[in-house]
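Visitor: First the structure, then my questions, so here it is.
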Amino acid sequence: MSGVRVAIVGMGQGGSAIYQVLKTIEDCVIVGVCDINEDAPGLKLARADGVPITNNFYDFLDTINIDVLIEATGKPLVQETIRKLKPPSMAVMDAQAADLMMLVVKAKQKLLEEKKQLLEIKRIKGEMDAILASVQEAIEVADINGYIKYVNPAFTKITGITAEERIGQNIFSASPDGALAECLRTRKNIYGWRTKVGGTNVEVVSNASPIIIDGQMVGAVVVFNHLTDFMKVMEELKRSTSIIENLYDRLGQITGSKYTFDTIIGNNEELRKVINIAKKAALSNSTILLLGESGTGKELFAHAIHQYSLRRDKPFIKVNCAAIPDSLLESEFFGHEKGAFTGAVKTKLGKFELANGGTIFLDEIGDMNLYLQAKLLRVIQEMEFERVGGTQTIQVDVRIIAATNRDLKELVRKGTFREDLYYRLNVVEITIPPLRQRKDDIILIANSLIVKFNRKLGKKIKGLSKQAEIILESYDWPGNVRELENVIERAMVIADEDLITPKHLVQYLEPVSTTATLPIVEDLIPFDEMEKILLKKALERFGNSVEGKKMAAKALNISLATLYNKLKKYQL
Ligand SMILES: Nc1ncnc2c1ncn2[C@@H]1O[C@H](COP(=O)(O)OP(=O)(O)OP(=O)(O)O)[C@@H](O)[C@H]1O
């Protein structure tokens, strides 16, 4: 143990006081205390601190382990004995001397404490100075009487007045019309105060606040900036506001993606395969080309792919390339700067910018002109573009899904579609089969449409009659699911019965289709035509092989020979 080793004899009030001060001295080690009274107050303290205790001060006299022995009993006999018997290396101090020493120690401790506080204040001041020096706005502080106490470096930069010139002046004569003087006068916060800094031509906009300590106003502080800087911020604000307005304008056009793969109805094997490929592709970032006849569900797939992808919480933006005039398509895609062309009264964001982070769905891509195809190619390759009339290059992160019902390869051959763009777009090519190739789904989709339109039209139609089902299944559906939707909705509008029957359907089916040529009167079909439909359906289901025909005959409850006769009769 290093430090001065001290022992105390006599642990009454005086000894206890000394003990407590000694404990706080870093270089002092209390090696023991002594009192003949077991209940002496100082002994309790020592016991709690784990300091060795004795009731016989002789224990201290034959040891060389004590540097200073403090005698606090005040008894001459004890004092005398200690002086006589102590080892020469031990210094003895009586209680009075110890008290005096304690006073000195306490004073020194107080001094040290004050020094520490001063250092802390200096440190905080240093930090504050650094902060205030780095602030771009001018700061000026005055006391309650208006005497300027502080200005930061930005104050000098903005006004040209140095700290030496300014500090010590009175604000009521230096800048009587300024926010600081006003704040001191009114004792209130002042906002957006526009003045010239006293004695200069520098126009500033200021905010000032009272400085309050312990509930009392002791001064005020003003923060101000050049009006021109302020104007710049206002300009910036205006620009941002215009962008926000723009976004609001466009919000209506942002069709958040509505459909998921669950919305796509159908159990057809080919369709399920296509859905599985689309799900896998959805999880990558690859560009997808959706092919298929009109109304097969390409847009539905595009929505579902976006919803299934990691971008589902980001925008889904649709652009119909065929619906926008060529002259506007570029600005629609990439946006334009204010004044880029007649009518461009404000800056507009393009669909690519709006889709940033999400997915853009380019419908009817086959109808895009060659000039834009070149621009689109650059976006796909580099994910960057310029707004029409702009010079700044804008970077985006957009997943592209394109769709068309046209034969893109044929367009490439004809030279109306860029080959390089075609290959860029069809990284993943998904062809959605037409409805006539997934006839097994027709009734399933029709029934789900009946449920949907019952809700929309307020009807209670239960379903399709058997004959109506046969008609729907044998129709070619050139307009695919969209046509099926239209036919079912129209049929439901005119149907007053529980079921949809042929009479509700036929008038809406294209005459080119197989069944539309049937001479159907109301909901009656001639027997032979009905036979023909049933035979066709049976062969479709079981196939044309001998085995298939046997099964077809069985399903129609006729003999195989009758089946052959009928097939011959109808030339099937
Ligand atoms: N499998 C399906 N299940 C349910 N509804 C479907 C299905 N396929 C398509 N639809 C519906 O059919 C209609 C046409 O689909 P969509 O608009 O997606 O077709 P498209 O291929 O994009 O057509 P176009 O090429 O004409 O733009 C939509 O109302 C869609 O919801």
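Visitor: Quick one: PHE361 ticks every box in (1) over 22 Å from LYS280 (Cβ atoms); (2) surrounded by 13 or more Cβ atoms within 10 Å (Cβ to Cβ) except a single one, so which number is it?
Guide: With (1) over 22 Å from LYS280 (Cβ atoms); (2) surrounded by 13 or more Cβ atoms within 10 Å (Cβ to Cβ) applied to PHE361, the lone miss is (1).
Visitor: Taking the condition of a type in the set (Asp, Glu), touching a Cys at 6+ places or on another chain (Cβ under 8 Å) and under 12 Å from ALA7 (Cα atoms), does ASP59 pass?
Guide: Yes.
Visitor: (1) out of contact with any Gly (no Cβ under 8 Å at 6 or more places or on another chain); (2) farther than 24 Å from LEU290 by Cα; (3) surrounded by fewer than 19 Cβ atoms within 10 Å (Cβ to Cβ); (4) of a type in the set (S, T, N, Q): which one isn't true of ASN447, the others all being true?
Guide: All conditions pass for ASN447, except number (1).
Visitor: For the stretch 212-229, give me each residue that is farther than 18 Å from ILE161 by Cα and crowded, with 17+ Cβ neighbours inside 10 Å.
Guide: GLY219, ALA220
Visitor: A follow-up question, please. What are the residues in the stretch 66-92 that are part of a loop (DSSP other than H, G, I, E, B) and loosely packed, with under 14 Cβ neighbours inside 10 Å, if any?
Guide: Hits for the stretch 66-92 are LYS75, PRO87, PRO88, SER89.
Visitor: Please specify each residue of the stretch 297-324 satisfying the condition of being within 9 Å of the ligand (Cβ to nearest atom) and not in a loop (DSSP other than H, G, I, E, B).
Guide: Within the stretch 297-324, LYS298, GLU299, LEU300, PHE301, ALA302, HIS303, ASN320 qualify.
Visitor: Still on this structure, please answer the following. Is it the case, given these coordinates, that LYS346 is away from the ligand (no atom under 16 Å from the Cβ) and either within 24 Å of ILE305 (Cα to Cα) or outside any loop (DSSP other than H, G, I, E, B) (or both)?
Guide: It is false that LYS346 is away from the ligand (no atom under 16 Å from the Cβ) and either within 24 Å of ILE305 (Cα to Cα) or outside any loop (DSSP other than H, G, I, E, B) (or both).
Visitor: Further, regarding this structure: Considering only residues that are under 43 Å from the mean Cα position of the chain (by Cα) and surrounded by fewer than 16 Cβ atoms within 10 Å (Cβ to Cβ), which ones fall in the stretch 166-195?
Guide: The answer is ARG187, LYS188, ASN189, TYR191, GLY192, ARG194.
Visitor: Which residues, taken from the stretch 522-572, are β-branched (Val, Ile, Thr) and at pLDDT below 85?
Guide: Correct list: ILE525, ILE533, VAL546.
Visitor: Moving on to the next point. Check PHE333 against each of (1) within 16 Å of the ligand (Cβ to nearest atom); (2) part of a helix (DSSP H, G or I); (3) touching a Gly at 6+ places or on another chain (Cβ under 8 Å) and name the one condition it does not meet.
Guide: Going through (1) within 16 Å of the ligand (Cβ to nearest atom); (2) part of a helix (DSSP H, G or I); (3) touching a Gly at 6+ places or on another chain (Cβ under 8 Å) one by one, PHE333 breaks only (1).
Visitor: Please find, among THR186, THR255, THR200, THR241, the residue that is in the same structural domain as GLY160 (by TED's automatic domain parsing), at pLDDT below 90 and not basic (Lys, Arg).
Guide: The match here is THR200.
Visitor: Being within 26 Å of the chain's Cα centre (by Cα) and within 12 Å of PHE334 (Cβ to Cβ) is the filter here, so list the residues in the stretch 350-385 that pass it.
Guide: GLY350, LYS351, PHE352, GLU353, LEU354, ALA355, ILE360, VAL379, GLU384, PHE385
Visitor: Go through (1) closer than 30 Å to ILE25 by Cβ; (2) in contact with a strand residue (DSSP E or B) (Cβ under 8 Å, 6 or more places away or on another chain) for LYS115 and report which single condition fails.
Guide: Against the list (1) closer than 30 Å to ILE25 by Cβ; (2) in contact with a strand residue (DSSP E or B) (Cβ under 8 Å, 6 or more places away or on another chain), LYS115 comes up short only on (2).
Visitor: If you don't mind, another one. So GLU293 ticks every box in (1) under 30 Å from ARG387 (Cβ atoms); (2) in a loop (DSSP other than H, G, I, E, B); (3) in contact (Cβ under 8 Å) with a residue 40 or more places away in the chain; (4) within 16 Å of the ligand (Cβ to nearest atom) but one. Which box is left unticked?
Guide: Of the numbered conditions (1) under 30 Å from ARG387 (Cβ atoms); (2) in a loop (DSSP other than H, G, I, E, B); (3) in contact (Cβ under 8 Å) with a residue 40 or more places away in the chain; (4) within 16 Å of the ligand (Cβ to nearest atom), the odd one out for GLU293 is (1).
Visitor: Restricting attention to the stretch 370-393, does a residue exist that is on the phi > 0 side of the Ramachandran plot, surrounded by fewer than 20 Cβ atoms within 10 Å (Cβ to Cβ), of a type in the set (A, V, I, L, M) and in the same structural domain as PHE316 (by TED's automatic domain parsing)?
Guide: Looking through the stretch 370-393, at least one residue is on the phi > 0 side of the Ramachandran plot, surrounded by fewer than 20 Cβ atoms within 10 Å (Cβ to Cβ), of a type in the set (A, V, I, L, M) and in the same structural domain as PHE316 (by TED's automatic domain parsing).
The values are calculated or read from the model by the stated rules, or taken from the named source; none is laboratory data. The shown structure was predicted, so the numbers you read here are calculated from the model rather than taken from an experiment. Glycine also receives a Cβ, built like all others from the backbone with ideal geometry; neighbour counts cover every protein chain displayed.
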